[in-house]
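To start, the structure under review is shown below, and the notes come after it.
The values are calculated or read from the model by the stated rules, or taken from the named source; none is laboratory data. This structure is a prediction, so every number in the text was calculated from the model and none was measured. Here the Cβ is made from the backbone with ideal geometry for all residues, glycine too, and neighbour counts use every protein chain on show. SASA here: full protein model, heavy atoms, side chains in, ligands and nucleic acids out. Shrake-Rupley method; radii C 1.70, N 1.55, O 1.52, S 1.80 Å.
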Amino acid sequence: MKQSVKMIAGNWKMHGLGASLVEVDELAASLAAEPTEHRVIICPPATLIERLSGKAAGSAVEIGGQDCHEQVSGAFTGSISAGMLVDAGAGLVIVGHSERREGFGETDALVAAKAEAALSAGLEPIVCVGESLAQREAGNAVSVVTAQVKASTPESGPGRRFAVAYEPIWAIGTGLTPTVEQIAEVHLAIRTALVERFGEFGGAVPILYGGSVKPSNAAEILSTPEVGGALVGGASLKAADFLGIIRAA
Ligand code: PGA
């Protein structure tokens, strides 16, 4: 399905202090002067969500978290619940990023539980999937990603707002990107898996691409069939780069 309104989401990862908020001022000012039809989302570290959502209020910039706990509350030192993200001003949350799957042992079932917790709290989850280089080289990219989509998207998704992000692990932060044919192949497989899982509703779930998106490759990637947006790491940290991607969409 062709989606004209794209989701352009920035994932700041563990980058950003109070001083970084000027980037959001610049982003919001540029979007006010020259509006975009696309959705513009920044997912800062949790410590900045409240300050950033104050700044973004009334602007075209939406705010998201980078992860949430699957439980509503409890004795989980250091964790943040979906409801806490809402309380701080977030409207979305990334779940199942490969840096969480790999670094924190998050399974498909846990990611699905986090996506459910996000939906219950009123957040829009962006569920990340993606193959490793070894899995791609073994010819298993499509089967790995299809299995991840089926097992880590939220069962109660139909009728609610959520997105999937295809992020090949080998393309994250490396400057390497798949060819448009490779992106199109996996996005089509994700669409098929979503329709198999959710019926007609699965045909409308946005599928973002992530992994070394930058101003110079954004137009080509974002015009690939079934690419409904971009999840951007490094190039989202500076307003000028992020704006370059938004303007290319
Ligand atoms: P990158 O990160 O754009 O720096 O490759 C993407 C991501 O991890 O979401």
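Residues that are open to solvent by 40 Å² or more (accessible area, probe 1.4 Å) and in contact with a helix residue (DSSP H, G or I) (Cβ under 6 Å, 6 or more places away or on another chain) within region 60-71 comprise Ala60, Glu70, listed in sequence order.
Please verify whether Ala240 is within 23 Å of Leu52 (Cβ to Cβ) and outside any loop (DSSP other than H, G, I, E, B), treating the condition exactly as stated.
Spelling it out, Ala240 is indeed within 23 Å of Leu52 (Cβ to Cβ) and outside any loop (DSSP other than H, G, I, E, B).
Out of curiosity, is Gly202 surrounded by 20 or more Cβ atoms within 10 Å (Cβ to Cβ), farther than 20 Å from Leu27 by Cα and out of contact with any strand residue (DSSP E or B) (no Cβ under 8 Å at 6 or more places or on another chain)? Answer is yes for this residue. Inside region 66-113, residues that are within 16 Å of the ligand (Cβ to nearest atom) and not acidic (Asp, Glu) make up a count of 13. Scanning region 2-17 for residues that are at pLDDT below 95 and exposed (fewer than 13 other Cβ atoms within 10 Å of the Cβ) returns Lys2, Ser4. Scanning region 148-173 for residues that are at pLDDT below 95 and within 16 Å of the ligand (Cβ to nearest atom) returns a single hit, Gly173.
Before we move on, is Ala193 of a type outside the set (Asp, Glu) and under 21 Å from Val61 (Cβ atoms)? In short, no.
Considering region 145-199, the residues that are within 22 Å of Asn217 (Cβ to Cβ) and of a type in the set (Ser, Thr, Tyr) include one that is least open to solvent (accessible area, probe 1.4 Å), namely Tyr166.
Of the residues making up region 109-119, those that are open to solvent by 40 Å² or more (accessible area, probe 1.4 Å) and over 15 Å from Val72 (Cβ atoms) are Ala109, Leu110.
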